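Colleague: Dumping the structure here so I can ask a few things about it.
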Amino acid sequence: MFLKAFSCRVLASFPRRKPLCAQYAALGHPKRSYYNAGKPGCPGPGEAAHVRVVDLRSDTVTKPGPAMRQAMAQAEVGDDVMGEDPTVNELQKLAAEMFGMEASLFVPSGTMSNLIAVMVHCRERSDEMIVGDLSHMHIYEQGGSAQLAGVHATTVTTRPDGTFDLKQLESKIRHGYPDPHYPRTRLICVENTHNIQGGRVLPLPFLQEVRALADRYGLSVHMDGARLMNAAVALGVPPSSILQHMHTVSVCLSKGLGSPVGTMLAGPRDFISRAVRCRKAVGGGMRQAGVLAAAGKLSLLEMVGRLEDDHHNAKTFALALLDCEPSLFDVDMSAVETNILRFRIKDPALSPPEVCALMGQVGEGEEAALGQGVRVLMFPHYENSIRAVWHLGISPEDTQLAIKKMQFVAGQHLNSRT
Ligand SMILES: Cc1ncc(COP(=O)(O)O)c(C=O)c1O
């Protein structure tokens, strides 16, 4: 009785939460309308036919085109949990060959693929992995390695180029085992390209040194290579040249490579055999997955070459930011290596959420000035920056429209201050 009265009072003392859409609108976060697209008051991309939407929020927003849909429709399928889906088997063989690994496994998502890798590399409770403090595995995967795999994580500082200081990395390796006070270090994880740091490509000598360090201490190295193919294209090398320094890798098909679903986890044959068991345990065993694997095959065979276009478009936009009059934006061009661009606003009176809001809506007088309404969708990002990501849904013309829009917004801002 007392408890009930208490909890009613406590609950009543919390303000009622507004719907997410209203909360984000109040914060000026146009990006979050993504989660509410289609709800009243939160128009989703493409709703108004006369308005062009340039969606730079992520390379995960791509939609399969006609050729991919046709390949999916025509895929031969079987029960993949029984190992009988011919298209999945072909995809796994293809990925293993491309990556220079013994075997690979088709997994529903990048998050699950990283989790499975951790589960296989760190098999005992109290095993520990070392990850970058700004890595996707550490920041954006809900602590799944602890939550679901019972694995402890320790972090190293992620440098602006996505690498770590090797001395700091070495200092994080535990030597106490089997003293019961300590976890046992088993795994080092790297991320390539580095998402939060703006699509940075890890240099090959760094990977070589990480591997040499790992070998000295009997550790494994896993690469979260969600955008590995962007790294390979940027370096002008085959993915296997990057992966020669890794024990295992996770590569997403559903980002720049344009598949609707799927990630390839690759490594030694015995690692993949164990990964098959873990995938089933976490609910990732799929049945007639050939319809998805057909898209994945197309991604690996036909979509890699075009990543160069995304890198080029990202650079074009970055240069235009620097050229913008009035000078409002700050970009480190040497950091623009692939399809992800991070930039900052010089004027402290204008915040990243405000700029994203202005870019994401059709402003007054815009249609007359630009010839049409343009909504450019981007996310406010880490360290007071804005993130924009190029992908197969963004043409050079879209990029030019985004540049015009950005110049329009900068001009409006100048007018509002004079
Ligand atoms: C670097 C990196 N790793 C892993 C993932 C997770 O992929 P998924 O969304 O398929 O779970 C992402 C997703 O954006 C990512 O950027």
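Colleague: Among the residues of segment 192-236, count how many are farther than 28 Å from residue 305 by Cβ and among the basic types (Lys, Arg).
Modeller: So the count comes out to 2.
Colleague: Now for a different question. Working carefully through the options 304, 336, 282, find the one that is farther than 26 Å from residue 236 by Cβ and at pLDDT 95 or above.
Modeller: Details: 304 fails: farther than 26 Å from residue 236 by Cβ; 336 fails: farther than 26 Å from residue 236 by Cβ.
Going through 304, 336, 282 in turn, just one is farther than 26 Å from residue 236 by Cβ and at pLDDT 95 or above: 282.
Colleague: How many residues are within 11 Å of the ligand (Cβ to nearest atom), closer than 15 Å to residue 88 by Cβ and surrounded by 24 or more Cβ atoms within 10 Å (Cβ to Cβ) if we restrict to segment 236-264?
Modeller: 4
Colleague: Testing residue 398 on (1) modelled with pLDDT of 95 or more; (2) closer than 30 Å to residue 158 by Cα, one condition comes back false. Which one is that?
Modeller: (2)
Colleague: Taking the condition over 30 Å from residue 257 (Cβ atoms) and crowded, with 20+ Cβ neighbours inside 10 Å, does residue 388 pass? If you could, list the steps in order and put the result at the bottom.
Modeller: Details: over 30 Å from residue 257 (Cβ atoms): no; crowded, with 20+ Cβ neighbours inside 10 Å: yes.
No.
Colleague: I'd like the residue in segment 118-129 that is crowded, with 24+ Cβ neighbours inside 10 Å and within 16 Å of the ligand (Cβ to nearest atom) and, out of all such residues, is farthest from residue 167 (Cα to Cα).
Modeller: 118
Colleague: Within 16 Å of the ligand (Cβ to nearest atom), more than 30 Å from residue 204 (Cβ to Cβ) and not aliphatic (A, V, I, L, M) - does that describe any residue in segment 268-278?
Modeller: no
Colleague: Does residue 262 satisfy the condition of being in contact with a Phe, Trp or Tyr (Cβ under 7 Å, 6 or more places away or on another chain), assigned by TED's automatic domain parsing to the domain that holds residue 115, among the small types (Gly, Ala, Ser) and over 17 Å from residue 97 (Cα atoms)? Quick ask: steps written out before the conclusion?
Modeller: Details: in contact with a Phe, Trp or Tyr (Cβ under 7 Å, 6 or more places away or on another chain): yes; assigned by TED's automatic domain parsing to the domain that holds residue 115: yes; among the small types (Gly, Ala, Ser): yes; over 17 Å from residue 97 (Cα atoms): yes.
For residue 262, the condition - in contact with a Phe, Trp or Tyr (Cβ under 7 Å, 6 or more places away or on another chain), assigned by TED's automatic domain parsing to the domain that holds residue 115, among the small types (Gly, Ala, Ser) and over 17 Å from residue 97 (Cα atoms) - is met.
Colleague: So, in segment 256-277, exactly how many residues are assigned to a loop (DSSP other than H, G, I, E, B) and either out of contact with any helix residue (DSSP H, G or I) (no Cβ under 8 Å at 6 or more places or on another chain) or closer than 19 Å to residue 211 by Cα (or both)? If you could, list the steps in order and put the result at the bottom.
Modeller: We begin by selecting, within segment 256-277, every residue assigned to a loop (DSSP other than H, G, I, E, B); these are 256-262, 268.
Retained after the next criterion (residues that are either out of contact with any helix residue (DSSP H, G or I) (no Cβ under 8 Å at 6 or more places or on another chain) or closer than 19 Å to residue 211 by Cα (or both)): 268.
Total meeting the criteria: 1.
Colleague: Here is a follow-up. If we scan segment 375-390, do we find a residue that is free of Cβ contacts under 8 Å to residues at least 40 places away in the same chain and either touching a His at 6+ places or on another chain (Cβ under 7 Å) or more than 27 Å from residue 194 (Cβ to Cβ) (or both)?
Modeller: no
Colleague: Which one of these is surrounded by fewer than 20 Cβ atoms within 10 Å (Cβ to Cβ), within 20 Å of the chain's Cα centre (by Cα) and either at negative phi or not assigned by TED's automatic domain parsing to the domain that holds residue 228 (or both): 132, 144, 110?
Modeller: Details: 132 fails: surrounded by fewer than 20 Cβ atoms within 10 Å (Cβ to Cβ); 110 fails: surrounded by fewer than 20 Cβ atoms within 10 Å (Cβ to Cβ).
That would be 144, the only listed residue that is surrounded by fewer than 20 Cβ atoms within 10 Å (Cβ to Cβ), within 20 Å of the chain's Cα centre (by Cα) and either at negative phi or not assigned by TED's automatic domain parsing to the domain that holds residue 228 (or both).
Colleague: Answer yes or no as to whether residue 70 is within 16 Å of the ligand (Cβ to nearest atom) and free of Cβ contacts under 8 Å to residues at least 24 places away in the same chain.
Modeller: Taking the combined requirement at face value, the residue does not satisfy it.
Colleague: List every residue pair whose Cβ atoms sit under 6 Å apart, with the two residues 6 or more apart in sequence or on different chains, where the first one lies in segment 49-65 and is within 21 Å of residue 262 (Cα to Cα) and the second, anywhere, is of a type in the set (D, E, K, R) and buried (at least 16 other Cβ atoms within 10 Å of the Cβ).
Modeller: Matching pairs, first to second residue: 59/255; 60/255; 61/55.
Colleague: Could you tell me whether any residue of segment 146-166 is within 14 Å of the ligand (Cβ to nearest atom) and over 21 Å from residue 275 (Cβ atoms)?
Modeller: There is at least one residue in segment 146-166 that is within 14 Å of the ligand (Cβ to nearest atom) and over 21 Å from residue 275 (Cβ atoms).
Colleague: What pairs can you find where one residue is in segment 99-112 and over 18 Å from residue 232 (Cα atoms) and touching a residue at least 24 places away in the same chain (Cβ under 8 Å), the other is among the aromatic types (Phe, Trp, Tyr) and more than 8 Å from the ligand (Cβ to nearest atom), and their Cβ atoms are less than 8 Å apart, with a gap of 6+ or different chains?
Modeller: Short answer, once both residue conditions are applied: 103/271.
Colleague: Right, another one. Name the one entry in 267, 290 that is crowded, with 21+ Cβ neighbours inside 10 Å, under 22 Å from the mean Cα position of the chain (by Cα), within 28 Å of residue 391 (Cβ to Cβ) and touching a residue at least 12 places away in the same chain (Cβ under 8 Å). Even if it seems obvious, please write down each step before you answer.
Modeller: Values: 290 fails: under 22 Å from the mean Cα position of the chain (by Cα).
None of the others qualify; the one that does is 267.
Colleague: Would you point out which residue out of 264, 246 is at pLDDT 95 or above and touching a Lys or Arg at 6+ places or on another chain (Cβ under 9 Å)?
Modeller: Details: 264 fails: touching a Lys or Arg at 6+ places or on another chain (Cβ under 9 Å).
Criteria check complete, one pass: 246.
Colleague: I would also like to ask the following. From (1) free of Cβ contacts under 8 Å to residues at least 12 places away in the same chain; (2) over 23 Å from the mean Cα position of the chain (by Cα), pick out the condition that doesn't hold for residue 236.
Modeller: Condition not satisfied by residue 236: (2).
Colleague: Let me ask you something else. Being of a type in the set (Gly, Ala, Ser) and more than 20 Å from residue 314 (Cα to Cα) is the filter here, so list the residues in segment 325-356 that pass it. Before the answer, list the steps.
Modeller: Our first condition is that a residue be of a type in the set (Gly, Ala, Ser); within segment 325-356, this holds for 327, 334-335, 349, 351.
Selection gives 349, 351.
Colleague: What is the residue count in segment 175-230 for residues that are away from the ligand (no atom under 13 Å from the Cβ) and of a type outside the set (S, T, N, Q)?
Modeller: So in segment 175-230, the residues away from the ligand (no atom under 13 Å from the Cβ) come out as 175-188, 203-221.
Next cut, of a type outside the set (S, T, N, Q) only: 175-184, 186-188, 203-207, 209-219, 221.
Number satisfying all stated conditions: 30.
The values are calculated or read from the model by the stated rules, or taken from the named source; none is laboratory data. Remember, predicted model here, so these are calculated numbers, not experimental data. Don't worry about glycine lacking a Cβ; one is built from the backbone with ideal geometry, like all the others, and counts go over all protein chains shown.
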